[in-house]
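Following: one structure in structure tokens, then a few remarks.
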Amino acid sequence: MEIAIIVVVALLSLVALWLVFYFIPMGLWFSALVSGVHISLLQLVLMRWRKVPPSTIVSSMIEGTKAGLKLDPNELEAHYLAGGNVQNVVHALVSAQKANIMLDFKMATAIDLAGRDVFEAVQMSVNPKVINTPPVAAVAKDGIQLIAKARVTVRANIKQLVGGAGEETVLARVGEGIVSSIGSAVTHKVVLENPDFISRVVLEKGLDAGTAFEILSIDIADIDVGKNIGAQLQMDQADADKNIAQAKAEERRAMAVALEQEMCAKAQEARARVIEAEAEVPLAMAEAFRSGNLGIMDYYKMKNVMADTEMRESIAKQK
């Protein structure tokens with residue numbers, strides 16, 4: 001029984017000792033003390049209660065102090081509670097100081113909370129980044145298509161990182177500048193002979209305005225000749241004109257066919273009237289015989305005239 005009590009007491013003592021060292025980080029306090037960082041032990045304990053890792057704050061304070069920076073642990077703690085990356089901010093401040101770049105703690109935390117990598121931005125300010133544009137197709141005034149690829153060298157603009165546009169905007173503006181510069185060329189040969197013509201025109205437009213970058217140079221990496229867009233458009237226009245002409249010709253043919261059919265219908269109607277009139281001739285002759293207006297001799301004379309007329313028509317047809 002006594003052994004069990006001793007074991008329980010020992011376990012409780014170990015747990016209590018662990019809690020003491022957890023909430024009172026003596027090791028971190030001593031490391032900060034020997035590194036010249038002035039931070040109280042009570043503040044480290046309160047960090048535990050506020051769920052802020054003291055190791056992150058202390059290591060960042062030590063790094064900043066060794067680099068000659070004056071950092072406030074309360075500001076670092078507030079930035080951590082706001083969701084920021086404390087260590088990344090301190091890395092950026094140290095790098096900016098070594099590179100003689102104007103960057104204060106307020107600006108660095110604002111850039112970090114804006115979702116940008118402030119340490120990478122400082123590195124990009126020292127070592128510019130090269131962005132490769134996708135193939136951009138444009139057409140010169142002579143109708144020849146050119147496909148250009150460019151390399152854009154940019155440097156981070158620290159002052160524009162908060163609220164400035166990103167790489168996608170820079171690429172879009174550069175592509176627009178390439179299209180306009182090629183489109184303003186008289187012939188595609190001018191562009192092929194002087195690729196720097198595109199770079200000069202694009203750089204003069206100030207494409208980096210309102211962005212988080214500063215464009216240092218735009219170099220044309222490759223230019224390929226594409227399709228003859230002008231000739232293709234002329235062919236398409238010719239096909240369209242041909243189709244329109246064919247449609248109009250078909251319309252005229254349909255109207256002629258309709259007119260012919262109408263004339264045929266009228267001719268058949270007239271023929272029907274003639275036949276109807278010829279059918280009434282025997283009736284009229286019979287009526288004339290009965291009324292005495294036509295004699296037998298008159299009838300034979302009329303038949304002779306008709307026979308003579310038919311004979312003349314047949315002779316004329318044979319000639």
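The values are calculated or read from the model by the stated rules, or taken from the named source; none is laboratory data. All of these numbers come straight from a predicted model, not from anything done at the bench. Note that each Cβ is placed from the backbone with ideal geometry, even for glycine, and that neighbours are counted across all protein chains shown. Accessible surface areas use protein heavy atoms only, side chains included; no ligands, DNA or RNA. Shrake-Rupley method; radii C 1.70, N 1.55, O 1.52, S 1.80 Å.
Could you tell me which residue of segment 111-130 is nearest to Val191 (Cα to Cα), considering only residues that are of a type in the set (A, V, I, L, M, F, W, C) and buried (at least 17 other Cβ atoms within 10 Å of the Cβ)?
Here is the first cut: in segment 111-130, the ones of a type in the set (A, V, I, L, M, F, W, C) are 111, 113-114, 118-119, 121-122, 124, 126, 130.
Okay, now just the ones that are also buried (at least 17 other Cβ atoms within 10 Å of the Cβ), so 111, 118-119, 121-122, 124.
Working: Ile111: 41, Val118: 39, Phe119: 40, Ala121: 35, Val122: 37, Met124: 32 Å.
Taking the candidates together, the pick is Met124.
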- [ ] From (1) over 29 Å from His79 (Cα atoms); (2) modelled with pLDDT under 80, pick out the condition that doesn't hold for Asp224.
- [x] (2)
Task: Unmet requirement for Phe197, which otherwise passes all of (1) at pLDDT 80 or above; (2) open to solvent by 20 Å² or more (accessible area, probe 1.4 Å); (3) of a type in the set (A, V, I, L, M, F, W, C) - done: (1)
- [ ] May I ask you to verify whether Leu233 is part of a helix (DSSP H, G or I), touching a residue at least 12 places away in the same chain (Cβ under 8 Å) and within 60 Å of the chain's Cα centre (by Cα)?
- [x] yes
- [ ] For segment 185-193, state whether one or more residues are outside any helix (DSSP H, G or I), more than 20 Å from Asn127 (Cα to Cα) and charged (D, E, K, R).
- [x] no
Task: Residue list for segment 50-72, filter: surrounded by fewer than 18 Cβ atoms within 10 Å (Cβ to Cβ) and of a type in the set (Ser, Thr, Tyr) - done: Ser55, Thr56, Thr65
Open item on the list: Which residue is most open to solvent (accessible area, probe 1.4 Å), if the candidates are limited to segment 133-182 and must be at pLDDT below 85 and among the basic types (Lys, Arg)?
Closed with: Lys159
Open item on the list: So, in segment 135-151, exactly how many residues are part of a strand (DSSP E or B), of a type outside the set (Val, Ile, Thr) and more than 22 Å from Leu203 (Cβ to Cβ)?
Closed with: 1
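Could you list, in sequence order, the residues of segment 96-110 that are within 26 Å of Arg48 (Cα to Cα) and either surrounded by 14 or more Cβ atoms within 10 Å (Cβ to Cβ) or hydrophobic (A, V, I, L, M, F, W, C) (or both)? Even if it seems obvious, please write down each step before you answer.
At the first step, the residues of segment 96-110 found to be within 26 Å of Arg48 (Cα to Cα) are 105-106, 108-110.
Scanning segment 96-110 gives Phe105, Ala108, Thr109, Ala110.
Determine whether Val52 is over 24 Å from Ala156 (Cβ atoms), modelled with pLDDT under 85, more than 38 Å from the chain's Cα centre (by Cα) and assigned to a loop (DSSP other than H, G, I, E, B).
Details: over 24 Å from Ala156 (Cβ atoms): yes; modelled with pLDDT under 85: yes; more than 38 Å from the chain's Cα centre (by Cα): yes; assigned to a loop (DSSP other than H, G, I, E, B): yes.
Yes.
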TODO: Select, from Leu46, Leu93, Leu76, the only residue that is open to solvent by 60 Å² or more (accessible area, probe 1.4 Å) and in a helix (DSSP H, G or I).
DONE: Leu46
TODO: Only residues that are at pLDDT 75 or above and either open to solvent by 100 Å² or more (accessible area, probe 1.4 Å) or not in a helix (DSSP H, G or I) (or both): list them for segment 269-279, please.
DONE: Arg271, Arg273, Glu276
Open item on the list: Give me the residue from segment 200-220 that is at pLDDT below 80 and farther than 19 Å from Arg155 by Cβ and, out of that set, least open to solvent (accessible area, probe 1.4 Å).
Closed with: Val201
